[in-house]
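Below is one structure, written out as structure tokens; the observations come after it.
The values are calculated or read from the model by the stated rules, or taken from the named source; none is laboratory data. Note that the structure is predicted; figures quoted are calculated from it, not measured. Virtual Cβ from ideal backbone geometry, glycine too; neighbours counted across all protein chains shown.
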Amino acid sequence: MTVSGIGLTAENREELLALGALGWSEHELAVYFGWDEGVFHQEYSNPNSEISKLLLRGKLQKRAEIEIRLMNDAIGGNLTAAKQFTEVMRDKSFQLSKLDLFGGPADEGAMERIQQYIDGGCKHTLSPGEQIYIDLLVMIYSLDGQHGKRNTIRFLTRPPFGFTYSRASDLYAEAIEMFFANRQVSKDAMRAKTADQFDTLHAAAVASAKSTRDYEVAANILAQKAKVLRLDQPDPEVLPPSQYQKQFRVLSLTPESIGLPPANRDILAAQIDSLGLDSSVRRRLRMEAGIDDVEIIELLEDVVQEEG
């Protein structure tokens, strides 16, 4: 059977089932089978393709075997298996989502797709991985507000996540971007994040205020927030659209085209001849002034000599 240029044999199908259970990445599968990565990507990303279904079936079959065996051992009185089975059932949703989202390489396009989804009015359905990705960023945002950046990143590098420090830092930046800016993390995003923290401080200061001095402290917090957001600075000058319009320049040897009187070629010729220039230069000026007929080949040869 041929699928988008990929010929699947019975052996290929068995291997796809096994490798799907092992959670191999798209790149690893393409390299293992020697398939063109562009062609394979179309099948891998299409949930209705035979290849995609074989990989999912392999993963589900292996998971079913393990969980059924664990359940039977638990029913048979194995206390360790009973404890493990209880934990699996309690955390099943999280564990499966974690496998789907974190089992493969980092998806560099996830942030862009989420932004496009939001900007586009949320018209289509997010994939399970993208939904978990949003949940993860919301969690990071919440942890950051309570524990700060350093502790949040450290938490992400520990089990059950086990991210590298680099990936944890990237996810933290993506969470900040999701809630405080539109695109790549910038100073504007950090200003908005800091201003949000000032709001928390101000609310706490007002709630605990008991004297005029306490309210002055609260007011100073708002003033500091205004400085962070540059509210104490004038808005940048907005230039009219006409300033950005491209100016067109028309060159002409005919003064009449711009409303000037016709040029007196005799006077121009006398002025050029009086300059005491080399004959070739004088000849070129006379052609450019419209006194002599233009010789294109001669002008091109002059340009070549000048560039040489």
Would you confirm, using the coordinates I've provided, whether Leu285 is at negative phi, at pLDDT 75 or above, in contact with a Gly (Cβ under 9 Å, 6 or more places away or on another chain) and in a helix (DSSP H, G or I)?
no
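Filter the stretch 199-241 for residues that are of a type in the set (Lys, Arg) and more than 20 Å from Gly145 (Cα to Cα); which is modelled with the lowest pLDDT?
Residues of the stretch 199-241 that are of a type in the set (Lys, Arg), as a first pass: 210, 213, 225, 227, 230.
The next check asks that each one be more than 20 Å from Gly145 (Cα to Cα); those that pass are 210, 213, 227, 230.
On the way: Lys210: 85, Arg213: 85, Lys227: 81, Arg230: 77.
The qualifying residue modelled with the lowest pLDDT is Arg230.
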Of all residues making up the stretch 229-269, the number that are among the aliphatic types (A, V, I, L, M) and assigned to a loop (DSSP other than H, G, I, E, B):
9
Do the conditions hold for Asp119, that is, is it surrounded by fewer than 18 Cβ atoms within 10 Å (Cβ to Cβ) and either farther than 30 Å from Leu55 by Cβ or modelled with pLDDT under 70 (or both)?
yes
Criterion first (within 30 Å of Ala192 (Cα to Cα) and either surrounded by fewer than 10 Cβ atoms within 10 Å (Cβ to Cβ) or basic (Lys, Arg) (or both)) does Leu251 satisfy it?
no
